[in-house]
Amino acid sequence: MSLPQVVSRDEWLAARTKLLTEEKELTRRRDALNVKRRMLPMVEIEKDYVFECPGGEVGLLELFEGRRQLIVGHFMFDPSWDDGCSSCSAGAEEVADGLLEHLHARDTSFAYVSRAPLAKIENYKGRKGWTFPWYSSYGSDFNYDFHVTIDEAVAPAKYNYRTKSDHEQAGTGYYFEGEQPLEQPGTSCFLRDGESIYHTYSTYGRGAEMLGGSYYWLDLTALGRQEEWEEPKGRADTGHAARPDFGE
């Protein structure tokens, strides 16, 4: 691997200043994109999904843990596997208690959901030493409805908002290679208004890899970073119908 060119301090400063201009432009574009993401319309969840956790069966509402928002990481874990996806596991290693605390401070819960049975999830989670919430959607339509399990025997193949033929034309048909059902990664966001739940956003493919610290997670949600929210923080029993444009 080649190393960067060695130059004088003045040459380095000129190059760095030029790059800084591009970095600032990217930041402004990202801020503008985050505003557009928060203003996306949302869809009410009307299906009663059932998940399994160590405490028994729960619905999607319980995954919020009383908070206003929920981020779901679609962790690839087929029911026939003994171990979860290695790439998903690498991302899960970075879900620390501190990250969850920062999300909780913004009234946002995080949980992983996989199609593997709970016993396999708990076994793998225990071996890894992970403590974050992780639910099984085994036997549920959840993974299929959010297009992270591809099985043409259940529904037409679609991933990252493209059909199988769209992907083949775009040169990304590899998403559908292999024996079905196929597991794929993604992240979905939900907003609670009282007991009503709304799907606000989902990202797949490389988009699911664009996350970093807690602010990057919050940027995917309908309420954003909430830095100018004057309402007392904490767990809301009911939500507000309006979706304010909080500042960055």
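The values are calculated or read from the model by the stated rules, or taken from the named source; none is laboratory data. Predicted model, so just to flag it, every value in this text is computed and none were measured. When we count neighbours, we look across all protein chains shown, and the Cβ atoms used for this are built from the backbone with ideal geometry, even at glycine.
Before we move on, is residue 131 assigned by TED's automatic domain parsing to the domain that holds residue 98, closer than 24 Å to residue 36 by Cβ and either part of a loop (DSSP other than H, G, I, E, B) or at pLDDT 85 or above (or both)? When the stated conditions are applied, residue 131 does not pass them.
For every residue, the table says whether it meets (1) crowded, with 16+ Cβ neighbours inside 10 Å; (2) over 18 Å from the mean Cα position of the chain (by Cα).
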residue: 77; (1), (2): yes, no
residue: 94; (1), (2): no, no
residue: 108; (1), (2): yes, no
residue: 119; (1), (2): no, yes
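Considered as a group, the residues in the range 134-151 that are farther than 23 Å from residue 65 by Cβ and assigned to a loop (DSSP other than H, G, I, E, B) include one that is farthest from the chain's Cα centre (by Cα), and that residue is 151. In the range 71-83, is there at least one residue being hydroxyl-bearing (Ser, Thr, Tyr) and at pLDDT below 95? No, there is no match, as no residue in the range 71-83 is hydroxyl-bearing (Ser, Thr, Tyr) and at pLDDT below 95.
Taking the stated definitions as given, is residue 135 aromatic (Phe, Trp, Tyr), over 19 Å from residue 216 (Cβ atoms) and crowded, with 18+ Cβ neighbours inside 10 Å? In short, yes.
Of the residues in the range 69-82, none is within 23 Å of residue 225 (Cα to Cα), in a loop (DSSP other than H, G, I, E, B) and acidic (Asp, Glu). Number of residues in the range 179-195 that are within 14 Å of residue 65 (Cα to Cα) and of a type outside the set (D, E, K, R) equals 3.
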